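Peer 1: Sharing a structure below in structure tokens format, with a few things to ask.
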Amino acid sequence: MKKYVLTAFLFVLAVSFSLAQKGNISVNLGAEVALPLGNLSNASSFGIGGTAKGLYGLNDESDITLTTGYIAFPTKEGSEMKIGMIPFMPGYRHKFDGFYVEPQLGFVSYKTSYSGVGSEIFGGSLSSSASFFSYALGAGIKSGKWDLSARFQGFTSTTFIGARVGYDVFTNF
């Protein structure tokens, strides 16, 4: 819980500082799909979700970003598990004539629940959640208000390749 409070405090501080500056600010909402790799691929064949991305323009070539949302990984047939992830990923975006690269460092809140055989002993469902340090390296193309990107993201021994289609719903420039 202390990590969440500290992160929230730092986020509010960063937003307050950035709003006092004169950079461009935009909010982008997007749909996500993911291809699980490693250990995650044993339980799920794909992921799907939605994210919001805030961008604060430092200059014409670079932005500070913050991505959050929810990505669900439906489990393979025969499994009674549910797997979900909430990313909180600050990053830096550097633009090259419409193309950009975006490394990110942050954390994810990862939750699993099981409601199959034996779970009735424990009240019908077993669940576990934890937060992990996460890293991602992405690249994309921005055209007008549309944003198309792909990334490799990982935490502990869990990795996936994600693709995102986003649309700017707010810009101040």
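What follows draws every value from the coordinates through simple rules; no lab data is involved. From a predicted model like this one, the values you see are computed outputs, not experimental measurements. So basically every Cβ, Gly included, is an ideal-geometry build from the backbone, and we count neighbours across all protein chains shown.
Peer 1: Which of the residues that make up segment 72-102 are within 19 Å of the chain's Cα centre (by Cα) and within 14 Å of residue 45 (Cβ to Cβ)?
Peer 2: Answer for segment 72-102, where residues must be within 19 Å of the chain's Cα centre (by Cα) and within 14 Å of residue 45 (Cβ to Cβ): 72, 73, 74, 83.
Peer 1: Scan segment 59-113 residue by residue and report those that are surrounded by 15 or more Cβ atoms within 10 Å (Cβ to Cβ), farther than 20 Å from residue 31 by Cα and among the hydrophobic types (A, V, I, L, M, F, W, C).
Peer 2: 64, 81
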